[in-house]
Structure formats: C-alpha cells, structure tokens
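Can you keep this structure in mind? I'll have questions shortly.
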Amino acid sequence: MTAQKTLRSSSDLIAAGLVPADRRGALEEVAARYALAVTPGLAALIDPGDPRDPIARQFIPDPAELAWRPEERADPIADEAHSPLAGLVHRYPDRVLIKLVHVCPVYCRFCFRREMVGPGKRRALSAAELSAAVDYIRSREDIWEVILTGGDPLVASVRRLRALARELAAIAHVKILRVHTRVPIAAPEQVTRALVRALKAAGKATYVVVHVNHARELTAAARAACARLIDAGVPMLSQTVLLKGVNDDAATLGELMRALVECRIKPYYLHHVDLAPGTGHFRTAIADGQHLVRALRGRLSGLCQPSYVLDIPGGAGKVPIGPSYARPAARGCYEIDDINGARHTYPPPAAPGVPADAPALKAAARRAG
Ligand code: SF4
C-alpha cells in the first residue's frame with residue numbers, strides 16, 4: 001500500500017503494511033521515547049518482505065533502541081557545552097551552527113540529536129532568540145561560515161529562511177552559508193524554486209549538504225530536487241553515516257558514492273556513528289570503517305572518496321579517522337602503502353646545500369627502490 005501522508009505512529013506503520021500488527025506493542029514503546037516519522041517517498045522504498053531492508057532499518061523503530069549502553073550519551077558531541085546562546089553552537093573558531101528548528105521530515109533511528117529533536121522535545125528558535133544569534137555572529141569577525149542544522153532547517157518556512165539568509169548576507173565577515181538537510185531525500189517536493197532562491201545569500205556562497213545513506217534513497221524525485229539546487233548555482237556535498245546493516249559493505253557504499261557523484265554531489269563526510277542513546281546496533285568498529293574506506297580507495301574514482309570522520313565524544317571536535325597510507329621509516333624516509341597493499345619507500349627531502357648525488361641520498365634512493 002502506498003502511504004499518502006507521513007507515517008507518525010505504530011498504527012500508521014501497520015496500516016501501511018510496513019510492519020506486522022503483532023509488533024505494535026514493541027514499536028509503541030520505542031515511539032514513546034524517540035520521534036517517529038516516515039515520509040511517503042521513503043515508505044515507498046521499503047520492502048516489507050525483507051527483514052534486512054536498509055531503508056526500514058533507518059526509519060522503522062526497533063526495540064534495540066531502548067538499550068542504553070554505558071558509553072552512550074544524551075548529547076554525544078556536547079552541543080550544550082559549546083552553546084553560548086539558545087540554538088547557537090560555537091565549537092570551532094571560524095564557524096557556528098544555528099539550530100533553527102528541532103523537527104525533521106523523517107526521524108532517523110540513529111540520530112545523534114535524538115534527545116533534542118522531535119515533537120515535544122525542543123521548540124523552534126523564537127524571533128528574539130534568532131535575532132540574538134545573528135547579533136552574536138555580527139559581533140565576532142572571525143566567524144566566516146554559518147551552518148544551518150537541526151532538526152532540519154529546510155522544514156522552516158521559505159519566508160523565515162529568506163529573512164535569515166538576507167540578515168547573514170549583510171554581515172561582511174560571513175562568507176559561507178551551509179545548510180545541512182535531509183529534505184531533498186525525505187521530502188523532495190519541498191525543494192521548490194522559491195526555497196532554492198531563499199537560500200541564496202547575495203554575495204555569499206551557499207552550500208547544501210544532504211544526508212543520504214543508501215543509493216536507493218536517491219530516487220528520481222530526490223535527484224530532481226538536488227538538480228534544482230545545483231542548477232541554481234548551489235553546490236552540493238553529502239554526508240553519510242556508516243551504519244551496520246545499512247551500508248557497511250564496500251559494494252553498497254561504493255554504489256552510493258558513485259550515485260552521488262553522478263548527481264553532481266561531492267561525497268564529503270562518512271561519519272562514524274555517534275554515541276547517541278540506543279544506537280549500539282548501528283555501530284561498526286572503527287577498524288571495519290577503515291577497511292571499507294581502503295576498499296573504496298582501491299576501486300573508485302577520487303571524486304567518490306568521502307572523508308571518514310569521528311566527532312569525538314564529549315565535544316572535542318571532528319577528526320579524520322580513515323586509514324593512514326604513510327608511516328615514518330628509517331633515516332627520514334616514509335613507508336607508503338599502495339592501493340593493493342604493497343609497500344614502498346619514499347625518500348626524505350633533500351638537505352639544503354647537499355648535492356643531489358650525495359652518497360647518503362644515493363643510499364636512500366637504493367633503499368627506496
Ligand atoms: S535528519 Fe538529521 S537531525 Fe533529523 S533525525 Fe535524521 S539525523 Fe537526526
């Protein structure tokens with residue numbers, strides 16, 4: 001059955017034929033704790049006959065979400081500790097986040113802000129709070145980039161987004177407006193030409209970073225929504241969460257990265273899952289993530305390579321955790337792995353004033369060979 005409206009309860013999921021009726025009790029327990037929404041477009045992608053369906057796994061509640069492991073945290077990347085004002089996070093010197101709203105068109109079961117997003121959690125920023133956030137940005141000249149995040153900022157009205165983009169455009173030191181969103185995937189029809197125009201801040205560069213985890217999410221409608229943004233001069237990047245049972249194999253991940261590049265979307269981040277409550281069943285080992293990233297490097301174009309990153313629990317920031325291909329070796333040389341796993345030695349830089357045919361360099365070159 002094709003859903004006509006967003007599914008927001010276990011009854012909706014059962015009526016749509018996405019879960020059997022005997023799972024109602026278990027689903028309701030999870031949905032009472034964490035927000036539930038599946039848009040018609042994403043619901044249509046789910047194969048109810050496949051117990052391992054990667055789309056269902058991302059959006060249909062699972063009793064495993066009620067298991068809160070000791071290492072998990074309500075605020076895994078410590079937004080609160082870096083929030084000088086309501087709705088504003090200032091973690092890095094040159095950029096800030098504005099969390100305009102705390103709702104999304106769809107709720108991911110692994111969401112890193114799951115304790116903050118959803119109906120009944122935090123409310124949208126008031127006009128006064130947003131104005132205070134803009135004043136904060138205006139008063140700090142080292143803020144170069146403003147990132148709208150959430151919840152999903154594209155849930156806000158076109159009028160509100162246009163007004164905010166105009167206010168930010170008027171701040172000379174702000175050069176970049178970046179929007180993190182799942183709307184082009186979850187509700188592509190909402191990416192209207194009016195919305196696209198609203199996001200363009202005059203004289204600044206607007207980037208849209210779309211959250212997508214599986215190639216199946218890039219439906220014809222989603223691709224068309226992304227094309228509306230890109231054709232209007234808005235470059236797009238992607239962020240993907242590495243999720244056990246969704247995309248944790250090289251073929252699935254590679255297919256997604258290629259599909260993104262074919263849509264003119266540059267793969268940007270591959271996130272290791274944050275330590276949000278009840279998400280342990282999605283978490284891979286970092287070593288497995290590194291292995292996957294190596295496999296991608298070996299088989300796909302450089303355009304298809306995202307940066308594998310971890311937001312360090314506790315708010316110390318995001319760092320790359322991909323495999324290293326270079327290790328220091330003897331006498332200033334480096335040992336370098338190629339994509340097939342073979343090792344090579346790279347010589348040290350030439351010492352100033354030493355002729356290129358000096359014996360030490362010759363010896364290093366021999367070792368490198
Ligand atoms: S779209 Fe982003 S903020 Fe919203 S539920 Fe998914 S991960 Fe969380």
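The values are calculated or read from the model by the stated rules, or taken from the named source; none is laboratory data. Just so you know, these numbers come straight off a predicted model, no measurement behind them. Please note: Cβ atoms are built from the backbone with ideal geometry, for glycine as well, and neighbour counts cover all protein chains shown. Only protein heavy atoms, including side chains, enter the accessible area calculation; ligands, DNA and RNA are left aside. Shrake-Rupley method; radii C 1.70, N 1.55, O 1.52, S 1.80 Å.
Among the numbered criteria (1) open to solvent by 20 Å² or more (accessible area, probe 1.4 Å); (2) small (Gly, Ala, Ser); (3) assigned to a helix (DSSP H, G or I), which single criterion is violated by Ala225?
Going through (1) open to solvent by 20 Å² or more (accessible area, probe 1.4 Å); (2) small (Gly, Ala, Ser); (3) assigned to a helix (DSSP H, G or I) one by one, Ala225 breaks only (1).
Now for a different question. Test of understanding: among Val146, Val208, Val101, which residue is within 24 Å of the chain's Cα centre (by Cα), within 11 Å of the ligand (Cβ to nearest atom) and either crowded, with 22+ Cβ neighbours inside 10 Å or in contact (Cβ under 8 Å) with a residue 40 or more places away in the chain (or both)?
Exactly one of Val146, Val208, Val101 is within 24 Å of the chain's Cα centre (by Cα), within 11 Å of the ligand (Cβ to nearest atom) and either crowded, with 22+ Cβ neighbours inside 10 Å or in contact (Cβ under 8 Å) with a residue 40 or more places away in the chain (or both), namely Val101.
In the range 228-242, which residue that is of a type in the set (A, V, I, L, M, F, W, C) and either farther than 18 Å from Thr149 by Cα or part of a helix (DSSP H, G or I) (or both) is farthest from the chain's Cα centre (by Cα)?
Ala232
Still on this structure, I have one more. Take the range 123-143 and flag every residue that is in a loop (DSSP other than H, G, I, E, B) and either acidic (Asp, Glu) or open to solvent by less than 50 Å² (accessible area, probe 1.4 Å) (or both).
Ala124, Leu125, Ser126, Glu141, Asp142, Ile143
How about the range 271-346: which strands (runs of 3 or more DSSP E) wholly inside it have at least 2 residues that are open to solvent by 70 Å² or more (accessible area, probe 1.4 Å)?
Hits in the range 271-346: 326-328, 343-346.
Considering only the range 4-30, state which residues are under 18 Å from Leu66 (Cα atoms) and basic (Lys, Arg).
Of everything in the range 4-30, those that are under 18 Å from Leu66 (Cα atoms) and basic (Lys, Arg) turn out to be Arg23, Arg24.
Test Leu13 against the stated conditions and say whether it is open to solvent by less than 40 Å² (accessible area, probe 1.4 Å), in a helix (DSSP H, G or I) and either at pLDDT 95 or above or away from the ligand (no atom under 16 Å from the Cβ) (or both).
It is true that Leu13 is open to solvent by less than 40 Å² (accessible area, probe 1.4 Å), in a helix (DSSP H, G or I) and either at pLDDT 95 or above or away from the ligand (no atom under 16 Å from the Cβ) (or both).
Among the residues of the range 149-188 satisfying the criterion of being β-branched (Val, Ile, Thr) and in a helix (DSSP H, G or I), which is farthest from the ligand (Cβ to nearest atom)?
Only one residue fits best here, namely Val158.
Residues checked against (1) among the β-branched types (Val, Ile, Thr); (2) modelled with pLDDT under 95; (3) within 16 Å of the ligand (Cβ to nearest atom); (4) assigned to a helix (DSSP H, G or I):
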position: Asp50; (1), (2), (3), (4): no, no, no, no
position: His90; (1), (2), (3), (4): no, no, no, no
position: Val96; (1), (2), (3), (4): yes, no, no, no
position: Cys111; (1), (2), (3), (4): no, no, yes, no
position: Lys121; (1), (2), (3), (4): no, yes, yes, no
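Here's another thing I want to ask about it. Given the condition touching a Pro at 6+ places or on another chain (Cβ under 6 Å) and either touching a residue at least 40 places away in the same chain (Cβ under 8 Å) or closer than 30 Å to Pro347 by Cβ (or both), answer yes or no: does some residue in the range 314-328 qualify?
No: the range 314-328 contains no residue that is touching a Pro at 6+ places or on another chain (Cβ under 6 Å) and either touching a residue at least 40 places away in the same chain (Cβ under 8 Å) or closer than 30 Å to Pro347 by Cβ (or both).
Looking only at the range 211-221, count how many residues are open to solvent by 50 Å² or more (accessible area, probe 1.4 Å) and either polar (S, T, N, Q) or in contact with a Leu (Cβ under 8 Å, 6 or more places away or on another chain) (or both).
Result for the range 211-221: 1.
On to the next question. Hey, among Ala78, Ala3, Ala26, which residue is on the phi > 0 side of the Ramachandran plot and either of a type outside the set (Lys, Arg) or in contact with a Gly (Cβ under 9 Å, 6 or more places away or on another chain) (or both)?
One residue alone meets the criteria, Ala78.
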